[in-house]
Amino acid sequence: MKINLRKALLLLMTFCVVTVITAKNYEPTKENLEAREEFASHKFGIFLHWGIYSTYAQGEWYMQNRGVDKEEYAKAARGFYPAHFDAKEWVSAFKNAGAKYICFTTRHHDGFSMYNSQFTDYNIVKATPFGRDVLKELVDECRRQGIKVHFYYSHIDWTRDDYPMGRTGRDTGKDPKKADWDGYFKFMNNLLTELIKNYDPDAIWYDG
């Protein structure tokens, strides 16, 4: 693949200028600066991308990249049974490797929640035969072993009709009449609120 270096540099310069203009009046709080310093001091952490897409032996973009129908994709939840999951074993291995934090995908673009949510039944406790809250088990073990725990959360949802931007932010054939940003925003905030209240993460990584 040929790379247009001049074009790439121009784009980078434009991005930098826009960033500087946007950020020039921003003054982070003392707490914000302290949080940045603490995170930088951790240096090494583990990012766990895990969900029902693993039953297809694929990554988290499988549904989108292969154009899998959302109803067909959701059938994977019925067979999702990670019998060998052991929070203590996982956290111990990461700690022994020198990791200072673990970031776990609570919910990716496929709309499946890897924790017990009261706002959607499409989650690991209610939609799978496994029926265990792996997030709670992981958080509890991180607390016991002294490792920080971060949550990854996707703003994007490929499965809900009220999400107004379709699968990738482009026109994907969804009925625009069903889109409801206010409704989706409320739903999203409910999920984030329960994540914070019920699991108390040290940080949240937003995507989208």
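The values are calculated or read from the model by the stated rules, or taken from the named source; none is laboratory data. Not measured: the values here are computed from a predicted model. Cβ coordinates were reconstructed from backbone atoms using ideal geometry, including for glycine residues, and neighbour counts include every protein chain displayed. Side chains included, ligands, DNA and RNA excluded: accessible areas come from the protein's heavy atoms. Shrake-Rupley method; radii C 1.70, N 1.55, O 1.52, S 1.80 Å.
Just add up the charged neighbours of ILE147: K/R +1, D/E -1, any other residue whose Cβ is under 11 Å from the Cβ of ILE147.
Values: positive: LYS95, LYS100, ARG143, ARG144, LYS148; negative: GLU141, ASP202.
My count for the surroundings of ILE147 gives +3.
Residues TRP181, TRP90, sorted by accessible area with the largest first, give TRP181, TRP90 [1.4 Å probe; ligands and nucleic acids excluded].
With the charge dipole of region 13-167 set up from +1 on Lys and Arg Cβ and -1 on Asp and Glu Cβ about the Cα centre, the Cα lying farthest toward the positive end among the listed residues SER92, PHE104, MET63 is that of SER92.
Computing the accessible area with a 1.4 Å probe over protein heavy atoms, can you report the carbon and sulfur percentage for region 77-208? If you can, show how the numbers build up before the last one.
Numbers: 3180 of 6590 Å².
Exposed carbon and sulfur together represent 48 percent of the surface.
Determine, from the Cβ-Cβ distance of LYS186 and ASN96 and an R0 of 41 Å, the FRET efficiency 1/(1 + (r/R0)^6), rounded to the nearest 0.05. Given R0 = 41 Å and the Cβ-Cβ separation, E is 0.45.
Remark: region 67-208 carries a charge dipole of roughly 280 debye about the Cα centre, counting +1 on each Lys and Arg Cβ and -1 on each Asp and Glu Cβ.
Explain nothing, just the number: dipole magnitude of region 38-94 about its Cα centre with +1 on each Lys and Arg Cβ and -1 on each Asp and Glu Cβ, in debye rounded to the nearest 20. Walk me through the intermediate numbers first.
Working: 6 positive and 7 negative charges, 10 e Å.
That gives a dipole near 40 debye.
With all protein chains kept in place, the per residue accessible area of region 94-157 amounts to 34 square angstrom at a probe of 1.4 angstrom.
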